[in-house]
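The values are calculated or read from the model by the stated rules, or taken from the named source; none is laboratory data. These numbers come from a predicted model, not from an experiment. Cβ placement follows ideal geometry from the backbone for every residue including glycine, while neighbour counts extend to all protein chains displayed.
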Amino acid sequence: MSKAIRIHAHGGPEVLKWEQVPTPQPGPNEALLRHEAVGLNYIDVYFRTGLYKTPLPATLGMEGAGVVLAVGEKVHNLAPGDRVAYAGGPLGAYATERVINAEKLVKLPDSIDFKTAGAMMLQGLTAYFLLHRTFKVQPGQPILVHAAAGGVGLILCQWARHLGAEVIGVVSSEAKAEIAKTNGAAHVIVGHANLPAEVKQITGGAMVPVVYDGVGKDTFNTSLDCLAPLGLMVSFGNASGPVPPMDISTLGTKGSLFLTRPSFSSYMSTHQDIATGAAALFEAVHSGAVQIRVNQSFPLEQAAAAHAALEARQTTGSTVLLP
């Protein structure tokens, strides 16, 4: 038998239950893993609350790292004992052991430990496609990054600085401002009440060609006002709640703006997408251009406490759950 965190109803952190479950067996094209570290991400909260729908009961979790215990038929690229990591669906990472499609897995280089790998795959691959595919950041460009001291935010800031961008980070406190400054943000703004005016001052009136906004409802409108004409609004998260419906003519009146809502599943839909992104991420981490800040860890059975801390904005960088 294995252990897992499961939910039988939607709600607050209290719905997360530590339960005994049967150890799954790998079928064709699948591998059985023993988790060594599981990543905590805000999307886990969305599934817990029911903002994102999933059948119940459900085991949450979108990323993890561990050791292959067994493989099913037709799996030729993996063997028992391999160190691997993954990110993306299906749900099921909050478990001591799990079965997953082998195409989702990438082998870990020796230079990356399980705790780092468990914390960085979803956030790191998200940062990869945001910076390299959603909008190809160029040297010298000013860019705006919300939640700059968060998990994705810290990786975005570091990687964007490595690409030569001038990063303007937005955070919720002075303490987080210091974290963002030491992780790639050339400028840091605390709060978003006067955000367009402050961005205007920093950029000499030019504003920014792209905004990366994982906060959602509370920052969406002010983010639009920070964009230069023909700029791109990248709304990739809902930490403050989903963005309400909008009149698309607003995009025209604010400068013929572009708006996209990128999803991990679209950008990382094939093994080749995952392998290419992971190779770039591993190289960025190995070279030191990106450092994964695992600032919190919780025992997996205390996932409820981890969720409470995440929602209360008491975490910075990345958080892992340890089976």
*Give, as residue ranges, the helices (runs of 4 or more DSSP H) completely inside the range 263-318 that count at least 1 residues that are touching a Ser or Thr at 6+ places or on another chain (Cβ under 6 Å) and within 29 Å of Glu178 (Cβ to Cβ).*
271-287, 303-311
_Odd one out for Phe114 among (1) under 16 Å from Ala37 (Cβ atoms); (2) of a type in the set (Phe, Trp, Tyr); (3) crowded, with 22+ Cβ neighbours inside 10 Å_ = (3)
*In this structure, does Ala303 turn out to be buried (at least 19 other Cβ atoms within 10 Å of the Cβ), among the small types (Gly, Ala, Ser) and over 27 Å from Ser223 (Cα atoms)?*
yes
*Could you please let me know if Ala186 is aliphatic (A, V, I, L, M) and either surrounded by fewer than 17 Cβ atoms within 10 Å (Cβ to Cβ) or modelled with pLDDT of 95 or more (or both)?*
yes
*asked:* I'd like to verify a number: residues in the range 138-161 that are within 21 Å of Phe220 (Cβ to Cβ) and not in a helix (DSSP H, G or I), how many?
replied: 9
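Mind listing whichever residues of the range 157-183 are β-branched (Val, Ile, Thr) and either modelled with pLDDT of 95 or more or buried (at least 21 other Cβ atoms within 10 Å of the Cβ) (or both)?
Selection gives Val167, Ile168, Val170, Val171, Ile179.
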*Filter the range 205-245 down to residues that are assigned to a strand (DSSP E or B) and of a type in the set (Gly, Ala, Ser) and give me whichever is farthest from the chain's Cα centre (by Cα).*
Ala228
*Just a yes or no: is a residue in the range 110-125 modelled with pLDDT of 95 or more, assigned by TED's automatic domain parsing to the domain that holds Gln314 and assigned to a strand (DSSP E or B)?*
no
